[in-house]
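To start, the structure under review is shown below, and the notes come after it.
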Amino acid sequence: MLDGPHSRNRMVDVQIVGRGVRDRNVLDAMREVPREKFVDPGFEEFAYEDSALPIGEGQTISQPYIVALMIEAAEVKPGDRVLEVGAGSGYAAAVLSRIAARVHAIERHGALGEAAEKRFDRLGYRNIDLRVGDGTRGWPEAAPFDAILVAAGGPAIPQALKDQLNVGGRLVIPIGDKHRTQRLLRITRIGRTGGAEFQEEDLGRVMFVPLVGEQGWAENGIRAATNHVPGHSAGRRLSEMIAAVAEPLPDFDDPAFGTAFDRFSDKKVVLLGEASHGTSEFYKARAAITRRLIEAHGFTIVAVEADWPDAAVVDRYVRHRPSVTSNEIPFRRFPTWMWRNTDVAAFIDWLRDRNENAAVNARRAGFYGLDIYNMSGSIGAVLDYLDKVDPEAAAVARERYGCLTRWQKDPSTYGRAVLSAGYAKCEKAVIAQCRELLAKRLDYARSGGESYLDAAQNARLIASAERYYRIMYYGGAESWNLRDSHMFETLQHLLEAQGPNAKAVVWAHNSHIGDARYTEMGTARDELNIGQLCREHFGRQAALIGFGTHTGTVAAATNWDGDMEVKQVRPSHRDSYERLCHDAGVQRFLLDPRRDEALRRRLLEPRLERFIGVIYRPETELVSHYAEASLPHQFDAFVWFDETSAVMPLGPEHARKGVPDTYPFGL
Ligand code: SAH
């Protein structure tokens, strides 16, 4: 059940105060208005998420932070008369009505306008007048206004809205030449007539639905009015600074590739990221770096974002230990290509050969899975079961599991993730199944004598299984934190088992290994990750190394549990770190921002960064795959490949596209 006041306060503290909004009036009003009353039935669970949500007619209720940012920017005060253009659900108007004396709100969709009015009535908010119509013309009879807020993005500032501002009044409006991304502008009326009547400020990049009307976009997306669009510098000089500091990297087979990373050789934990789960260059680079760390610097643990039991099969192979049964083929569950690919196979064979050498016998390097014990096995079993008993619940589960890979920011995905009636009913059966699966797995592991799984570990797994599976079944932010905390604990166990001098290399996605506190995960959702936990625990003994690319191809699915496809990666967004790296004009490089303090400082300012997981949806890329981050805080170094290509999967299901399967991945 949703606890409104609790969720609301948390939303204000984490998403709004956390991002720097300080206006008391705004914070108090947002603590008061029940946002769950402004979303469609079924969506209440998501009402306090850091996201826009669908409200029908292809429109969205604005992200809470944006509502706060706009009201603060418009300096709305008690006693003010305010106009809102684009009332939508009515949420922002409701928040405004808790501060201002009178709110006028205009919405062009009749159905949305009516629903908003009903909400105001039910909540007893009586100081709001709502009209259905084109808000680009303003509301002349009610003018002038102390503040005007426009909740949709137009090509230019409508003259009518400027005319209806009081002297000293503020107009806050998103303006951009393209749909979906705009600059948020504040226009202040400083005089009654004459040239310098208005003052204009740029408050940063935002994303709104289009402002459709006489002085906005036409219905078909063509610009209706003409006016200037504020200039935006692409930061050319910054990319020149990157080019000057970038250390070009040679071929993966060239020993110089690995030695470029010798500066991290004294660390206890080196975490190597990836910007997708299906890019060959990221695997090859991590293999080259890891080979060097193992051979020259005493690292003996390779711990990867994968299931323990599957990685254990590979571990037995690379450490020349007997296999438990002959037909155990690891990584058969979605997403198979993530570990069953030619790059991983080549690395595993190298590790096995290297471990065979008598000289290293005592310090053989192992291969371990950090993920929640048998996570993809459990998810697979849940989906198989739901497919049989309740396909509707299965569809919801697939959408929710997509969240584990952090791409669920696209408002339309919430619609598909709304719980169906059958979902809760299936919970008991699903958890029982998962427990049974776990028990079988553990029996099997015991017979294989896995040292990590001692009696205490076993007991811990079984005791927490119920809670794990329940959280995993419902998905969302809690399952993310559970998963990353688990990964960190597993890493700690592995290190402890090998004594005080143990050193580990971790392979996991950038979203896991880049310090969450400096990305939207931490700043807006209060989520943590293994990179952050390693820094908090190991301090300077941990190195966090991120990876990125501009364009190329990637192996990914469209939906959770879907088939692997080779997709084109869209060229990086103009406001992203990736675009800065691309503009540096160096094909592949290591960027160590510590080498140039001026560059480091300039890169600190948050920008977009792209996250492609096992799912990639290029059609909605900006909303589903980009998030804001401060890169030099997030990573200690960044590895760049301008153009990249998809991994080559192994295995019978990819027989036509791939290459013959080899042990340990199959027959
Ligand atoms: N403030 C709203 C945000 C809704 S999204 C909330 O908190 O829920 C923006 C809304 O602007 C959409 O509902 C869209 O229909 C509306 N809109 C777009 N162009 C408009 C125009 N010219 N006049 C009035 N409303 C408009």
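The values are calculated or read from the model by the stated rules, or taken from the named source; none is laboratory data. Predicted model only: the values in this text are computed from it and were never measured. No Cβ is skipped: glycine too gets one built from the backbone with ideal geometry, and neighbour counts run over all protein chains shown. Note: areas computed on protein heavy atoms with side chains; ligands, DNA, RNA excluded. Shrake-Rupley method; radii C 1.70, N 1.55, O 1.52, S 1.80 Å.
Per-structure values
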read-out	value
Those residues of region 467-496 whose amide nitrogen sits under 20 Å from the label point placed on residue 428, 7 Å along Cα→Cβ	467-474
Residues in region 276-292 that a label on residue 363 would reach, taking backbone N under 16 Å of a point 7 Å out along Cα→Cβ	290-292
Order of exposure, largest accessible area first, which applies to 410, 384 with probe 1.4 Å	384, 410
Net length gained if the chain between residue 435 and residue 256 were fully extended (0.36 nm per residue, minus Cα distance)	59.6 nm
With Cα atoms, 0 to 90° folded angle of helix 308-318 axis to the chain main axis	40 degrees
Backbone HN-Hα couplings from phi across region 75-92 [Karplus 6.51/-1.76/1.60, Hz, Gly and Pro as x]	6, 6, 10, x, x, 5, 9, 10, 10, 10, 9, x, 6, x, 5, x, 4, 5
FRET efficiency, residue 266 to residue 163 (Cβ-Cβ, R0 41 Å, nearest 0.05)	0.05
Rounded to 10°, Cα long-axis angle of helix 342-356 versus longest principal axis of the chain	40 degrees
Label point distance in nm, residue 57-residue 177, each placed 7 Å from Cα along Cα→Cβ	3.0 nm
Model label zone, residue 594; criterion: amide N under 13 Å from point 7 Å along Cα-to-beta-carbon; scope region 531-564	539-545
Under 5 Å, built H, 5+ apart or other chain: amide partners of residue 165	145
Under-5 Å amide H pairs with residue 104, H placed in peptide plane, nonlocal only	82, 83, 84, 129
Rounded to 10°, Cα long-axis angle of helix 477-497 versus longest principal axis of the chain	30 degrees
Sparse-neighbour loop sites [chymotrypsin sites (Phe, Trp or Tyr not before Pro); region 102-159; at most 15 other C-beta within 10 Å; DSSP]	none
Förster radius 60 Å - calculated FRET efficiency between residue 354 and residue 141 (Cβ-Cβ, nearest 0.05)	0.15
Where labels lie 7 Å past Cα in the beta-carbon direction, separation of residue 240 and residue 10 in nm	4.9 nm
Gain upon complete extension [residue 604, residue 444; 0.36 nm per residue less C-alpha separation]	52.7 nm
Contour excess over end-to-end distance, with Cα ends at residue 566 and residue 214 and 0.36 nm allotted per residue	122.4 nm
For region 249-271 versus region 148-184, the gap between their alpha-carbon centres in whole angstrom	50 Å
Ranked by how many other beta carbons lie within 10 Å on average, peptides 151-160, 500-509 from highest	151-160, 500-509
Helix-only mean residue ellipticity at 222 nm for the chain, each DSSP H run of n ≥ 4 adding -39500 (n - 2.57), per residue, nearest 500	-11500 deg cm²/dmol
DSSP bridge orientation in the chain - percent antiparallel, rounded to nearest 5	45 percent
